[in-house]
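What follows is a set of notes on a single structure, which appears directly below.
The values are calculated or read from the model by the stated rules, or taken from the named source; none is laboratory data. Since we're looking at a predicted model, the values are computed, not measured. Cβ: placed from backbone, ideal geometry, glycine included. Neighbour counts: every protein chain shown.
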Amino acid sequence: MYSWLEEELEQRKKAGLWRQMKIAEGLPTPDKIIIDQRPMINLCSNNYLGLAGHPEIKKAAAEAIMRWGCSATASRLMAGNTELHQKLETKISEFKETEAALVYPSGYMANLGIITALVGPDDIVYSDRLNHASIIDGIILSRADLRRYRHNDLEHLEVLLKKTEDHRGRKMIVTDTIFSMDGDVALLPEIISLARKYDCLVMVDEAHATGVLGVKGRGAVEYFGLEGKIDVQMGTLSKALGAQGGYVAGSKQLIDFLVNKSRAFIYTTGLSPAMAGAALKALEIIKQDTSLKDKLWQNVSYFRQKIVEAGFDIGQSQTQIIPIMVGNSEKAVEFSQLLCEEGIFTRAVRPPTVPEGQARIRISITASHTESDLEKVVQVFTKVSQKLGLLEGR
Ligand SMILES: *Cc1c(COP(=O)(O)O)cnc(C)c1O
């Protein structure tokens, strides 16, 4: 009946691009994952601080359910706005040092909702080539003119800005802060200077940086000391904060505007009370205690040093996200399968998620990994890559 479905799937399989979900059996310890009844070291989690299983956060989520139930029951503008949502948004704005904040049911929806509200067909969005898919989807849905600049290449960005200097509509530069497949960091101070020079709004996606970068874990904006200089700061509650949901922080005016205009906010059920409660508690915990973040960075530097010494190419990574570059898609899949057999859970990341010819094993280090976990990872990577002939000529 749907022969084209079968054909396209067949093509994907042949090209080594087949995607399949694995079942994770519970969350026994934050750094392990059980698949097919085998516990493995988990290198695929965005649970950077181990907060998803934190007892106080689980308790906060359970308490929120007991008080407000499982569903917000309606959109926020109808009956779905609880005291917990307001508290969470106040907390986020304090954390981000902005006037106000707003939460969405996911980071993906936040990007769609923010971008489609702020720009339309008469406007231009300048977007880093490696920005997250949800940013790209937001721009496409907004029907704004999408101008992609080469990754972190601000000369290229300026060429594009110069070309469109006389454009009369709105202009906005959007960038991830920590890039999700490469683990490098956007050159925010330079981006802000360009935005000033060419009169553009700036929007940053702090999904991987929230809870991770900066002395207080507030993200790249804190790391670079740019508080008050970014128009739109979005991020997720689903990664380091161990809950679920997306947020945007900025001026009171921006938030009022989104409440009135952002379809992905208006036409969807409010964030579940459990997740609002969990995220609120997570923000309290990271404010009081920076030890988890410190442990994360200790693990990152330990692992980076060992894996580079072992001869692996980790691209431009500067953070907890570390790509192990492989190149060929099929080889990356084989690599990941062999790692799995040795008790290390990774996934191969292939096109279209990353550019053609840049398939890789993308790993993320968390605060929950132990030094002996990380040591084992380096040993197994070395063994498996020798088997595959990957380190030859390096
Ligand atoms: C994960 C991610 C998102 C989406 O956030 P969710 O809460 O998972 O929907 C958006 N942007 C970036 C850069 C991300 O890594």
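Values as computed for the structure displayed
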read-out: Residues that are surrounded by fewer than 22 Cβ atoms within 10 Å (Cβ to Cβ), within 25 Å of Arg38 (Cα to Cα) and of a type in the set (Gly, Ala, Ser), drawn from segment 337-377; value: Gly343, Ser372
read-out: Subset of segment 20-51 (residues that are closer than 25 Å to Val378 by Cβ, within 16 Å of the ligand (Cβ to nearest atom) and in contact with a Leu (Cβ under 8 Å, 6 or more places away or on another chain)); value: Tyr48, Leu49
read-out: Leu17 vs. criteria under 28 Å from Thr319 (Cα atoms), buried (at least 19 other Cβ atoms within 10 Å of the Cβ) and not acidic (Asp, Glu); value: no
read-out: Those residues of segment 212-231 which are closer than 19 Å to Ala100 by Cα and within 13 Å of the ligand (Cβ to nearest atom), in sequence order; value: Gly219, Ala220
read-out: Checklist (1) more than 16 Å from the ligand (Cβ to nearest atom); (2) under 25 Å from Asp31 (Cβ atoms) applied to Gly245, failing item; value: (1)
read-out: Extreme residue, modelled with the highest pLDDT, among residues of segment 331-351 that are under 20 Å from His208 (Cα atoms) and in a loop (DSSP other than H, G, I, E, B); value: Thr346
read-out: The listed residue being among the hydroxyl-bearing types (Ser, Thr, Tyr), touching a strand residue (DSSP E or B) at 6+ places or on another chain (Cβ under 9 Å) and surrounded by fewer than 17 Cβ atoms within 10 Å (Cβ to Cβ), out of Ser93, Ser75, Ser106; value: Ser75
read-out: Gln386 being exposed (fewer than 14 other Cβ atoms within 10 Å of the Cβ) and either at pLDDT below 95 or not in a helix (DSSP H, G or I) (or both); value: yes
read-out: Hey, Asp205 of a type outside the set (Ser, Thr, Tyr), surrounded by fewer than 19 Cβ atoms within 10 Å (Cβ to Cβ), at pLDDT 95 or above and touching a strand residue (DSSP E or B) at 6+ places or on another chain (Cβ under 7 Å) or not; value: no
read-out: Where Val326 falls short, out of the listed (1) β-branched (Val, Ile, Thr); (2) surrounded by 24 or more Cβ atoms within 10 Å (Cβ to Cβ); (3) within 25 Å of Leu187 (Cα to Cα); value: (3)
read-out: Candidate set from segment 358-370 (those that are out of contact with any strand residue (DSSP E or B) (no Cβ under 6 Å at 6 or more places or on another chain) and under 25 Å from Asp184 (Cβ atoms)); member that is modelled with the lowest pLDDT; value: Gln358
read-out: Among the residues listed as Gly311, Gly327, the single one being closer than 24 Å to Phe179 by Cα and more than 24 Å from the chain's Cα centre (by Cα); value: Gly311
read-out: Failed item, numbered, when Leu201 is tested on (1) within 12 Å of the ligand (Cβ to nearest atom); (2) over 30 Å from Cys44 (Cα atoms); (3) of a type in the set (A, V, I, L, M); value: (1)
read-out: Any chance Ser301 is part of a helix (DSSP H, G or I) and closer than 26 Å to Thr346 by Cα; value: yes
read-out: Test: residue in segment 171-187 that is out of contact with any strand residue (DSSP E or B) (no Cβ under 7 Å at 6 or more places or on another chain) and at pLDDT below 95; value: no
read-out: Residue within segment 46-64 that is among the hydrophobic types (A, V, I, L, M, F, W, C), in contact with a helix residue (DSSP H, G or I) (Cβ under 8 Å, 6 or more places away or on another chain), more than 27 Å from Ile321 (Cα to Cα) and surrounded by fewer than 12 Cβ atoms within 10 Å (Cβ to Cβ) present; value: no
read-out: Hits in segment 280-302 - residues which are under 18 Å from the mean Cα position of the chain (by Cα) and more than 18 Å from Thr366 (Cβ to Cβ); value: Leu283
read-out: Search result, residues across segment 135-185 that are small (Gly, Ala, Ser), within 16 Å of the ligand (Cβ to nearest atom) and in contact (Cβ under 8 Å) with a residue 40 or more places away in the chain; value: Ser180, Gly183
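Matching residues to (1) of a type in the set (Asp, Glu); (2) within 15 Å of the ligand (Cβ to nearest atom); (3) without any contact (Cβ under 8 Å) to a residue 12 or more places away in the chain; (4) at positive phi:
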residue	(1), (2), (3), (4)
Asn81	no, no, no, no
Glu89	yes, no, no, no
Val103	no, yes, no, no
Asp123	yes, no, no, no
Arg129	no, yes, no, no
